[in-house]
There are 2 protein chains.
Amino acid sequence: MTQGPRDIEDLIDLMARLPGLGPRSARRAVLQLIKKRSLLLIPLADAMQTVAATARECVNCGNVGTSELCEICASEKRATGEICVVEDVADLWAMERAGVFRGRYHVLGGTLSALDAVGPEELRIPRLVARVRDEAITEVILALNATIDGQTTAHYIAEQLEPLGIAVTSLAQGVPIGGELDYLDDGTITAALRARKAL
Amino acid sequence: MTQGPRDIEDLIDLMARLPGLGPRSARRAVLQLIKKRSLLLIPLADAMQTVAATARECVNCGNVGTSELCEICASEKRATGEICVVEDVADLWAMERAGVFRGRYHVLGGTLSALDAVGPEELRIPRLVARVRDEAITEVILALNATIDGQTTAHYIAEQLEPLGIAVTSLAQGVPIGGELDYLDDGTITAALRARKAL
Ligand SMILES: [Zn+2]
Ligand SMILES: [Zn+2]
């Protein structure tokens, strides 16, 4: 409850549903938006409508893009024979910021979880197996978070890929126990990729 | 740099300019928006455009509303002869959530600050003096933050109002030193208002 006009309360309620913003910071953000109407509020509303109209999931890898295939899957330069498997798009962006990986990605959209009833199909794992067959892949690099669910998922994927006879590696050195990729600096990610080991 | 498509990078850059969101949380928020396109992204874009079209500053008190006069200034019930002076609209909302003050407000939009060259005109202080003369005001309650700038501003306002012979009080008991109103619970604000003292 903000005690402001209905329109403004509605906007605060929606803003408060964003990760990282509670009710108080949502109120602060909305007041800032109203104060910076032409510099921030209108451009933000426009940018959201543009993204709502254009953003879509890549049918091949699950990355976010603006066409059926994302920029990375559409680029022949990225056809190196390597696929880097990540949990979500934020992790893909973290890998790209590090700038050391030149192949393509596969975005799981989460990890296996008995508790949340997330199975292999929800994580595009059958699609990964199909890609390894179809795209002349020689190595799959598992860049999953160093959490229990992340590592369980990594081992499950390694098992599924074993019959295909390709290298399956995982980021190793540099990823702290319990650490999440999206929090790491570029150097740590680079070191972890260079020191990757066979599973 | 996010390594995502241009439209999405633009949206992240704008989101990162909101208070409380850095680049990392802006990226997380935008991914969440894309994931919840019809439930969150489109409603949020619409709500922002509505607010951009309707929100305006009350000409009398500086509150945010949808007409020339805000709901509080337009309501005869709020003509109690008391004006509560606050630094910003978030503080006004905090007072309203406490539900204990039934008069009207005057929103300064900041505090006096030599460093930032904020003078009395920027803070609507001449307008406050005019309101005390025109609106049959009997008491001005200074509900400013317990910071050095807040208290300097309170004393300056008390001086300006002195010749008018009305009661000038300030929130006292319960506001912690260095504390900001918008962080306080309703009970603390209620106690501070009840125990207000003459300056
Ligand atoms: Zn793709
Ligand atoms: Zn008003």
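The values are calculated or read from the model by the stated rules, or taken from the named source; none is laboratory data. On a predicted model such as this, the values are computed, not experimentally measured, just so you know. Don't worry about glycine lacking a Cβ; one is built from the backbone with ideal geometry, like all the others, and counts go over all protein chains shown. Keep in mind that these areas ignore ligands, DNA and RNA; they rest on the heavy atoms of the full protein, side chains included. Shrake-Rupley method; radii C 1.70, N 1.55, O 1.52, S 1.80 Å.
What to note about this one:
- Among the conditions (1) at the interface with chain A (Cβ under 10 Å from one of its Cβ atoms); (2) touching a Leu at 6+ places or on another chain (Cβ under 6 Å), the only one that B:Thr66 does not satisfy is (2).
- Given (1) open to solvent by less than 20 Å² (accessible area, probe 1.4 Å); (2) within 16 Å of ligand 1 (Cβ to nearest atom), index of the condition B:Leu44 fails: (2)
- As a summary of the residue check, A:Lys77 satisfies the conditions (1) at pLDDT 95 or above; (2) within 14 Å of chain B (Cβ to nearest Cβ); (3) open to solvent by 10 Å² or more (accessible area, probe 1.4 Å) except for the one numbered (2).
- The conditions of being open to solvent by 10 Å² or more (accessible area, probe 1.4 Å), more than 16 Å from ligand 2 (Cβ to nearest atom) and farther than 16 Å from B:Ile8 by Cβ are not met by A:Arg131.
- The set of residues from the range A:18-38 being more than 7 Å from chain B (Cβ to nearest Cβ) and among the hydroxyl-bearing types (Ser, Thr, Tyr) comprises just one member, A:Ser38.
- In this entry, A:Ser67 is excluded by the filter for residues that are of a type in the set (Ser, Thr, Tyr), open to solvent by less than 50 Å² (accessible area, probe 1.4 Å), without any contact (Cβ under 8 Å) to a residue 40 or more places away in the chain and not assigned by TED's automatic domain parsing to the domain that holds A:Asp91.
- Any hit, the range A:134-146, residues being open to solvent by 50 Å² or more (accessible area, probe 1.4 Å) and under 24 Å from B:Ile34 (Cα atoms): no
Okay, residues lined up against (1) near ligand 1 (Cβ under 9 Å from one of its atoms); (2) in contact with a helix residue (DSSP H, G or I) (Cβ under 7 Å, 6 or more places away or on another chain); (3) hydroxyl-bearing (Ser, Thr, Tyr):
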| site | (1), (2), (3) |
| --- | --- |
| A:Asn60 | yes, yes, no |
| A:Ile72 | yes, yes, no |
| A:Gly81 | no, no, no |
| A:Ala90 | no, yes, no |
| A:Glu96 | no, no, no |
| A:Gly103 | no, yes, no |
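- Scanning the range B:8-34 for residues that are open to solvent by 60 Å² or more (accessible area, probe 1.4 Å) and in contact with a Leu (Cβ under 9 Å, 6 or more places away or on another chain) yields B:Arg17, B:Gly20, B:Arg28.
- The residue that is nearest to B:Leu128 (Cα to Cα), among those in the range B:49-58 that are more than 7 Å from every other protein chain (Cβ to nearest Cβ) and more than 8 Å from ligand 2 (Cβ to nearest atom), is B:Glu57.
- Filter result for A:Leu128 (within 16 Å of ligand 1 (Cβ to nearest atom) and farther than 18 Å from B:Gly4 by Cβ): yes
- Single residue of the range B:92-120 satisfying the filter (within 14 Å of ligand 2 (Cβ to nearest atom) and of a type in the set (D, E, K, R)) that is surrounded by the most Cβ atoms within 10 Å (Cβ to Cβ): B:Arg104
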